[in-house]
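Taken together, the values in this text are just the output of simple stated rules run on the coordinates, not laboratory data. These figures come from a predicted structure and were not determined experimentally. Note: ideal-geometry Cβ built from the backbone for every residue, glycine included; neighbour counts use all protein chains shown.
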Amino acid sequence: MTETSDRTGGVENRFPRHPRSVGRARAALRSQLSAWGVEGDAADNAELLISELMTNAVRHARVPHGREIEARFALTGRLLRLEVSDASERLPVPAQAGAEAEGGRGLALVAALSHDWGIRPREGVGKCVWALLELAGGPRPSAVTASVPVTVPASVRAVSPAPASSAATTATTTADAGTGSRSC
């Protein structure tokens, strides 16, 4: 981990694009969740989500080694927002993993565990993949967030075409109403 900051209303961590960074991001999240008092199944699900998002960035962001990946965690009311940004413009595409396949289920897990998830262009170059995890207690999500459509610029392209029914074909973003922040 090269940097930690809370300047955007959440906690940002920067990691090298290396497989070890997945575990380091998980540890950073675990520590922050503990500080926020988030535990149990919610903490376990958050760790799984950040693992999947970081793994995708490490494995599929075809940018030169040495470029950093940013992981951001923000808690607003009962919504935990997890974001992973990288400098690649290649969009993640949900795969149809076969029964015997060892991979290809990451985005399906993200969709299953999260309240909402999506992709948007990152300021500058690259993209941000985010997921919202709804926690027990606190205000209703409708009081905390609002969804708006995002237009993905032509320079941001998918690796392969996604089926029309895929979650990747409709990119939405959810603003952090409590922080007013969108870091990636």
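Observations, loosely collected:
- Among the residues of the range 28-47, the ones that are under 15 Å from R81 (Cα atoms), aliphatic (A, V, I, L, M) and surrounded by fewer than 17 Cβ atoms within 10 Å (Cβ to Cβ) come to 1 in all.
- Looking across the range 103-135 at every residue that is of a type in the set (D, E, K, R) and in a loop (DSSP other than H, G, I, E, B), the one that is nearest to the chain's Cα centre (by Cα) is identified as R122.
- Residue in the range 53-74 that is farthest from the chain's Cα centre (by Cα), counting only those that are free of Cβ contacts under 8 Å to residues at least 60 places away in the same chain and buried (at least 23 other Cβ atoms within 10 Å of the Cβ): I69
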